[in-house]
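Colleague: Below is the structure I would like to discuss, written out as structure tokens.
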Protein chains: 2
Amino acid sequence: MKKRSIFLLSSIALTLTPLVLASNEPIQPIKAPKGINTAQVELGKKLFFDPRLSKSGFISCNSCHNLSMGGTDNLKSSIGHHWNQGPINSPTVLNATFNLAQFWDGRAKDLKEQAGGPIANPGEMGSTHELAVEIIKSIPAYQQEFKKTFGSDGVDIDKITQAIAEFEKTLVTPNSRFDQWLTGKKDAISDQEKAGYQLFKSSGCTACHNGVAVGGNSYQKMGAVNPYKTDNKAEGRFTVTKKDADKLMFKVPTLRNIELTYPYFHDGNAATLTEAVNTMGDVQLGKKFSKDETASIVAFLKTLTGDRPSFTMPILPPSVDSTPKPVPFK
Amino acid sequence: MKKRSIFLLSSIALTLTPLVLASNEPIQPIKAPKGINTAQVELGKKLFFDPRLSKSGFISCNSCHNLSMGGTDNLKSSIGHHWNQGPINSPTVLNATFNLAQFWDGRAKDLKEQAGGPIANPGEMGSTHELAVEIIKSIPAYQQEFKKTFGSDGVDIDKITQAIAEFEKTLVTPNSRFDQWLTGKKDAISDQEKAGYQLFKSSGCTACHNGVAVGGNSYQKMGAVNPYKTDNKAEGRFTVTKKDADKLMFKVPTLRNIELTYPYFHDGNAATLTEAVNTMGDVQLGKKFSKDETASIVAFLKTLTGDRPSFTMPILPPSVDSTPKPVPFK
């Protein structure tokens, strides 16, 4: 009788408070961001799309973190200033707010610090913080919007990156079919997808890919069990810490919207999810999945695609005569 | 008495039917486009923003006709595949529907024919029509949207460019302060701006810059009165017709939103409106404007900035395993 009561209680709990179910899972649903400064978001959205933050006047944040796609450029490695080939795969900006740090090697502590990096990277946007600030502050409509947003005169790189980061905090993707299932909608995912999730858990994938972002919250060695072969020269966390133990330690990428963020891994060498799952099984877990097993995990991973941010395309204020000119070809 | 009656009649006409006023002016107001196929517009908007139409997977129509800016890239000449330097300044796509033909030399008869050009230009998007079609038709969500939009199976370059052109037809910019003045709002432009408009007319600018787009409806020689000096090698309409008389004959650009579409001329050599007005006065009209005259014409030109198209940033369907991969670096 006691057991039955408990059983009944559990059934009620599952029905009435779906988050109880979610809390028993290693993956947590995405919730809408809170405490967002909407004025900063609107300004940051403009700056995110503004190619004048680059030396060429051609590359914006959105060039490599394309919000019409999956918040990335879907290239093995990115195209930068003068068509420079970037050294690493561009991570998605979607749900990047959940990462413990930014960049594959975690060298930026948060979104704001990250936002300043590509602007001044000679192989990415190719500008300097000084030039970017000079350009933005030459534009009267921007001057006014910065003043209104921050309550003080002046434009500086701190305000620019703060606004971009605030916009990026809104770039979360709730309401995936998996999150619907997590929060109680039992038919939101198919039997194959459920089986894939069970296998994902039982195989050990959730040891690293867990939490709200299904990743992004730890550094792990690429090739934990079997060596990972690549021509890519990135050394991961070692670049930041200079500790031998951190060689090839990379931030675990989010699996949210993984259907959209191909190709995969820090080197972009896995073109398809099937390839990525098989390689992860091998080098991280020492497992060889059957074709059906891989297919079920891939099916599960595709349930992680959420609602992409929807917003009005920003309209940018024009440069004026005194605005420093872009330098695309020197 | 007869005269007075006529005067009274004119006054009433001016007050009650503002378009009568506009019809007496060489510039006509922009009206909303009619007979638009909205399904094609939505599909065309996606394609306009889709970088997979380029070989690199990096360049979309919007890269050089940036709708966050003035429908152009604001560079002297555009950046293309492998950072190729384009031979000519990228014209704005805003109000391009009003042009008598497309490109500076008019080599495309309409927006649809134009849309196919850059995709297959090795120095622009660097792809081929065959590859672009293969990529788009590999994507299930696109297949379905093409079928729904065109009522027939299959994706081809004809449907792709038709949809892009239909979207571009919507990219008009009504409600500029000048159009408000044209349609009866007397205080929509200042006295200096009115004086600038009068000088614009009396100097002969409206001989070429007239109609709805304030240009775009004729070919004229760059350097009609005095020779125009440039290192740019474009020969204008001659490239199409091979007639000597067409050397340096270019399509007159629209002056709508000219405040947004810097730098100016087919070579992009005029960085500012002041420079552009002075040069036009010299080489097209043999006039030297005083500083105040130039300032008033520039002030008038800035009243031609209309409402830029406002729309939700398109969300693009992801590629699938069978989609041909971008080739950015070979």
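Every number here is computed from the coordinates shown, using simple stated rules; none is lab data. From a predicted model like this one, the values you see are computed outputs, not experimental measurements. Here the Cβ is made from the backbone with ideal geometry for all residues, glycine too, and neighbour counts use every protein chain on show.
Colleague: Taking Cα pairs under 8 Å and at least six residues apart, what relative contact order does chain B come out at, in percent? It would help to have the intermediate numbers written out before the result.
Modeller: Values: 613 pairs, mean separation 80.5, N = 330.
Relative contact order of chain B: 24 percent.
Colleague: Within region A:281-329, which chymotrypsin sites (Phe, Trp or Tyr not before Pro) sit in a loop by DSSP and count at most 15 neighbouring Cβ atoms inside 10 Å?
Modeller: Values: sites: A:Phe289, A:Phe300, A:Phe311, A:Phe329; in loops: A:Phe289, A:Phe311, A:Phe329.
Here the chymotrypsin sites (Phe, Trp or Tyr not before Pro) that fit, given the DSSP loop and packing criteria, are A:Phe311, A:Phe329.
Colleague: What are the membrane-span-like helices in chain B by this rule: whole DSSP H runs, Cα extent along the axis at least 20 Å, mean Kyte-Doolittle hydropathy at least 0.0? It would help to have the intermediate numbers written out before the result.
Modeller: Numbers: long enough: B:2-16 (21 Å, 0.89).
Sorted by number, the helices that extend far enough and score high enough are B:2-16.
Colleague: Hey, another quick one. Once phi is turned into ³J(HN,Hα) by the Karplus curve 6.51 cos²θ - 1.76 cosθ + 1.60 with θ = phi - 60°, what whole-Hz value does each residue of region A:53-70 show in order, with x for glycine and proline?
Modeller: 6, 9, 4, 6, x, 10, 10, 10, 3, 5, 4, 9, 10, 5, 7, 7, 9, x
Colleague: Just grab the label-to-label distance for A:Asn175 and A:Ser152, each label 7 Å out from Cα along the Cβ direction, in nm (one decimal).
Modeller: Distance between label points: 3.9 nm.
Colleague: Ok, one more. Which Cα, out of B:Thr294, B:Ala96, B:Tyr142, lies furthest along the positive dipole direction of chain B (beta carbon charges, K/R +1, D/E -1)?
Modeller: Farthest towards the positive end: B:Thr294.
Colleague: Moving to a separate point now. Evaluate E = 1/(1 + (r/R0)^6) for B:Thr183 and B:Asn121, where r is the Cβ-Cβ distance and R0 equals 30 Å; express this FRET efficiency to the nearest 0.05.
Modeller: Values: r = 40 Å, r/R0 = 1.33.
It comes to 0.15.
Colleague: Can I ask one more? Could you list the trypsin sites (Lys or Arg not before Pro) in region A:269-312 that lie in coil according to DSSP, counting only those with at most 13 other Cβ atoms within 10 Å of their Cβ? Show your work: numbers first, answer last.
Modeller: Details: sites: A:Lys287, A:Lys288, A:Lys291, A:Lys302; in loops: A:Lys287, A:Lys288.
Those satisfying the criteria are A:Lys288.
Colleague: How many Cβ atoms of partner chains, on average, are near each residue of B:178-188 if near means within 10 Å of its Cβ? Walk me through the numbers on the way to the answer.
Modeller: On the way: counts 0, 0, 0, 0, 0, 0, 0, 0, 0, 0, 0.
Per-residue shielding by partner chains comes out at 0.
Colleague: Which residue, A:Gly117, A:Val155, A:Ala188, has the largest displacement toward the positive end of the dipole of region A:114-197 when charges sit on each Cβ (Lys, Arg +1; Asp, Glu -1)?
Modeller: A:Ala188
Colleague: How far apart are the A:Asn226 label points across copies, placing each 7 Å from Cα toward Cβ, in nm, shortest first?
Modeller: Distances to the matching label points in the other copies: 7.6 nm.
Colleague: Also, quick follow-up: So if I place +1 on the C-beta of Lys and Arg and -1 on the C-beta of Asp and Glu, and nothing else carries charge, what would the dipole magnitude of the protein assembly as shown be about its Cα centre? I want it in debye, nearest 20. Before the final figure, lay out each step's value.
Modeller: Details: 78 positive and 64 negative charges, 159 e Å.
Result for the protein assembly as shown is approximately 760 debye, rounded to the nearest 20.
Colleague: Also, I was wondering about something else. If R₀ is 41 angstrom, what is the calculated FRET efficiency for the pair A:Ser322 and A:Thr239, using the beta carbon separation as r and rounding to 0.05?
Modeller: On the way: r = 40 Å, r/R0 = 0.97.
My answer for the efficiency is 0.55.
Colleague: Please compute, for peptide B:56-67, the average count of beta-carbon atoms on other protein chains lying within 10 Å of each residue's beta-carbon. Let's see the in-between values first.
Modeller: Working: counts 4, 6, 10, 3, 2, 0, 3, 4, 1, 0, 7, 5.
Taking the mean over all residues of the peptide, I get 4.
Colleague: Any chance you could run the full-extension gain for B:Lys109 through B:His129? It's 0.36 nm times the residue separation minus the Cα-Cα distance, nm to one decimal. Present the calculation step by step, with values, prior to reporting the outcome.
Modeller: Values: separation 20, 0.36 × 20 = 7.20 nm, distance 1.84 nm.
Contour length minus the Cα-Cα distance gives 5.4 nm.
Colleague: Averaged over its residues, how many other protein chain Cβ atoms are within 10 Å of peptide A:302-314's Cβ atoms?
Modeller: Neighbouring Cβ atoms belonging to other protein chains average 3 per residue here.
Colleague: Let me ask something else about it. Just grab the label-to-label distance for B:Lys229 and B:Ser190, each label 7 Å out from Cα along the Cβ direction, in nm (one decimal).
Modeller: 3.4 nm
Colleague: Local charge sum around A:Lys45 (other residues, Cβ-Cβ under 12 Å, Lys/Arg +1, Asp/Glu -1)? Before the final figure, lay out the partial values.
Modeller: Numbers: positive: A:Lys46, A:Lys169; negative: A:Glu42, A:Asp50, A:Glu145, A:Glu166, A:Glu168.
Taking every Cβ under 12 Å from that of A:Lys45, the sum is -3.
Colleague: Would you mind calculating the relative contact order of region A:82-149 from Cα pairs under 8 angstrom and at least 6 residues apart, reporting the percent as a whole number? Before the final figure, lay out each step's value.
Modeller: On the way: 46 pairs, mean separation 12.6, N = 68.
Rounded, it is 19 percent for region A:82-149.
Colleague: Expected output is a single nm value to one decimal: the length gained when fully extending between B:Asn37 and B:Lys288, i.e. 0.36 nm times separation in residues minus the C-alpha distance. What is it? Walk me through the intermediate numbers first.
Modeller: On the way: separation 251, 0.36 × 251 = 90.36 nm, distance 4.73 nm.
Length gained, B:Asn37 through B:Lys288: 85.6 nm.
Colleague: Net charge near A:Glu293: determine it from the other residues with C-beta under 14 Å of the C-beta of A:Glu293, scoring Lys and Arg +1 and Asp and Glu -1. Each step should come with its number before you reach the end.
Modeller: Details: positive: A:Lys194, A:Lys201, A:Lys287, A:Lys288, A:Lys291; negative: A:Glu193, A:Asp282, A:Asp292.
Net of charged neighbours comes to +2.
Colleague: Please give, to one decimal in nm, the separation of the simple spin-label points placed at A:Asn24 and A:Gln144, each 7 Å out from Cα toward the Cβ.
Modeller: The two pseudo-label positions are separated by 5.8 nm.
Colleague: If you don't mind, there's one more thing I want to ask. To the nearest 0.05, how large is the calculated FRET efficiency for B:Thr274 and B:Lys330 if R₀ is 45 Å and r is the Cβ-Cβ distance? Numbers along the way, then the final one.
Modeller: On the way: r = 44 Å, r/R0 = 0.99.
Step by step, r from the Cβ atoms, then E = 0.50.
Colleague: Rounded to the nearest 500, what is chain B's calculated 222 nm mean residue ellipticity when only DSSP H runs of at least 4 contribute -39500 (n - 2.57) each, over all residues? Each step should come with its number before you reach the end.
Modeller: Details: 13 runs with 125 residues, N = 330.
It comes out at -11000 deg cm²/dmol, rounded to the nearest 500.
Colleague: Sort A:198-207, B:263-272 for me by packing, meaning the mean count of neighbouring Cβ atoms within 10 Å per residue, highest on top. Let's see the in-between values first.
Modeller: On the way: A:198-207: 16.8, B:263-272: 19.9.
Ranked from most to least packed, the peptides come out as B:263-272, A:198-207.
Colleague: Relative contact order, percent, of region B:38-169 when contacts are C-alpha pairs under 8 Å separated by at least 6 residues? Don't skip to the answer; put the middle values down first.
Modeller: On the way: 226 pairs, mean separation 40.5, N = 132.
Taking the mean separation of contacting Cα pairs over the length of region B:38-169, I get 31 percent.
Colleague: What percent of all Cα-Cα pairs in the protein assembly as shown falls in each 20 Å bin, counting up from 0?
Modeller: 17, 46, 27, 9, 1, 0
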